[in-house]
Amino acid sequence: MLQQTGIKRNLTPFILLVFTNLFVGSMVGLERTVLPIIGEDEFGLTSTSATLSFIITFGFSKALMNFAAGSLADRFGRKNVLIAGWIVGAFVPLLIITAPAWWVIIFSNVLLGINQGLTWSMTVNMKIDLSSSHQRGLAVGLNEFAGYVGVALFAFITGYLASVYSPRPEPFLIGFVIVLIGLILSFIVPDTSSLVSKNTSDDKKENEPFKNVFLNTSFKNRHLSSVSFAGLTTNLKDGMAWGLFPLFFINTGLSAGQISLIIAIYPATWGIFQLITGPLSDRIGRKILITSGMFIQALALIGITFGSGFGFWLVASITLGLGTAMVYPTLIASISDVASTQTRATSLGIYRFWRDSGYAIGALLAGSIADLLSVQWSIGITALFPLLASFYTLVSLRDVLKT
């Protein structure tokens, strides 16, 4: 049984959780490049909104599962919830490979949302459990680094396989291997619930009703509400990018390899730079990274909208990933700075509910604008949301690092 917090004291389970989240992210990477193209080419979807419907269902199911993950972890234990998430995930590649109609693809993404809500929530919560208060940025940075490297790696691999073979089934056969490895790692890693029980005995703040925690995290506390809004707009932008980038770049005359690289380099940069931005936020504070990171995301989207050429778009994609990396682990750490030990998992679940609702809202909004105007203008208009979040966090966010 785990006894004390601190990454060095818990290095083996911490490393296991890092590798576990690499494969958690890989499940999303399976779809990142190929699925929007399958919607148009195999199922004949002509509406951009219809094509992006799989992201909408993924976003809402993941958001709702994030909402429930904290209480499920408190009731059944973090490890058991992690394993359950992988079992659900096993059905995702099977359904995509065998889907005779687009509604089956949509249902597979409901299951993918449940898989991600359970597994990703548990890996981040378990790493925070293992870490001391001044290591949370580092812990979240490593967690998100591993996850989004997995997204990028398999977005590139599946894009390559689709160009060499076909969009189905070859790119998705890898999914069964990913699930098997994830399950094995999840059975090996120890549960961290004992550390939570130990720490709560030293926390003098009484347990709060869920309603109070929800209202405080979402609206009443300016710090927490600005973090939640920044998370929502970050994934709103990513829901748009997931659905529209393949459709946008496929009509630019770029080769399949160039398109795969532009699409993959964004989450790759996002993942890798979190190794720097997560621990950096422990040293210089959260606000400067969050506010400037949201602004950089807006600039990158404007660049993609109005720029041209493989080299320019590649740089813009890297810039978008950098801006996202500046905020992604920092927002989670910022929630953990303010929330009490008893409400931390619940507050993180509520934040992740708002953040991952952004996938669905972004896909719905981007698809609607693309149908009314164009894919290009949809990308440009999306830039307004991270820009607004940058100003909101500038006036509302405060740096509070628990020591």
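The table for this structure:
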read-out	value
Gain in span if fully extended, residue 133 to residue 8, counting 0.36 nm per residue against the direct Cα distance	43.7 nm
Ellipsoid semi-axes in whole angstrom, largest first, where each is sqrt(5λ) of the Cα gyration tensor of the chain	32, 24, 18
Pairwise FRET efficiency - residue 71 versus residue 42, Cβ, R0 = 35 Å, nearest 0.05	0.35
For the chain, with +1 on Lys and Arg beta carbons and -1 on Asp and Glu, the positive-most of 228, 317, 59 along the dipole	228
The chain: calculated mean residue ellipticity at 222 nm from DSSP helix runs of at least 4, using -39500 (n - 2.57)	-27000 deg cm²/dmol
20 °C / 1.002 mPa s Stokes-Einstein diffusion coefficient of the stretch 17-134, Kirkwood radius on C-alpha pairs, µm²/s	143 µm²/s
Descending Cα extents along the principal axes, the stretch 278-351, whole Å	51, 25, 15
Dimensionless Rg ratio for the stretch 291-331, taking C-alpha atoms and the 2.2 N^0.38 Å reference	1.15
Cβ-placed point charges (K, R +1; D, E -1), dipole of the chain about Cα centre in debye, nearest 20	1160 debye
Rounded to the nearest 10 Å², the accessible area of residue 180 at probe 1.4 Å	100 Å²
Surface accessible to a 1.4 Å probe, per residue, for the residues of the stretch 319-403, Å²	32 Å²
Computed over the stretch 25-67, the ratio Rg/Rh where both radii use C-alpha atoms and Rh is Kirkwood	1.04
Heavy-atom accessible surface of the chain: percent carbon and sulfur, 1.4 Å	69 percent
On Cα atoms only, tilt of 384-396 relative to the major axis of the chain in degrees	20 degrees
Angle between the chain longest axis and helix 136-164 axis [Cα atoms, degrees, rounded to 10]	20 degrees
The chain: relative contact order as a whole-number percent, Cα under 8 Å and 6+ apart	28 percent
Quarter of Cα convex hull surface for the stretch 289-403, i.e. mean projection, nm²	7.9 nm²
Rotationally averaged projected area of the stretch 210-361 (alpha carbon convex hull; nm²)	9.1 nm²
Potential lengthening between residue 19 and residue 164 on full extension [0.36 nm per residue; Cα-Cα distance subtracted]	49.3 nm
Potential lengthening between residue 220 and residue 180 on full extension [0.36 nm per residue; Cα-Cα distance subtracted]	10.1 nm
Debye log10 I(q)/I(0) at q = 0.09 Å⁻¹ for the stretch 111-241, Cα point scatterers	-0.40
Within the stretch 314-403: Cβ-based charge dipole about Cα centre, in debye rounded to nearest 20 (Lys, Arg +1; Asp, Glu -1)	260 debye
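The values are calculated or read from the model by the stated rules, or taken from the named source; none is laboratory data. Bear in mind that the values here come from a model prediction, so they are computed numbers and not experimental data. Cβ coordinates were reconstructed from backbone atoms using ideal geometry, including for glycine residues, and neighbour counts include every protein chain displayed. When the accessible area is computed, the model is the full protein with side chains, heavy atoms only, and any ligands, DNA or RNA have been set aside. Shrake-Rupley method; radii C 1.70, N 1.55, O 1.52, S 1.80 Å.
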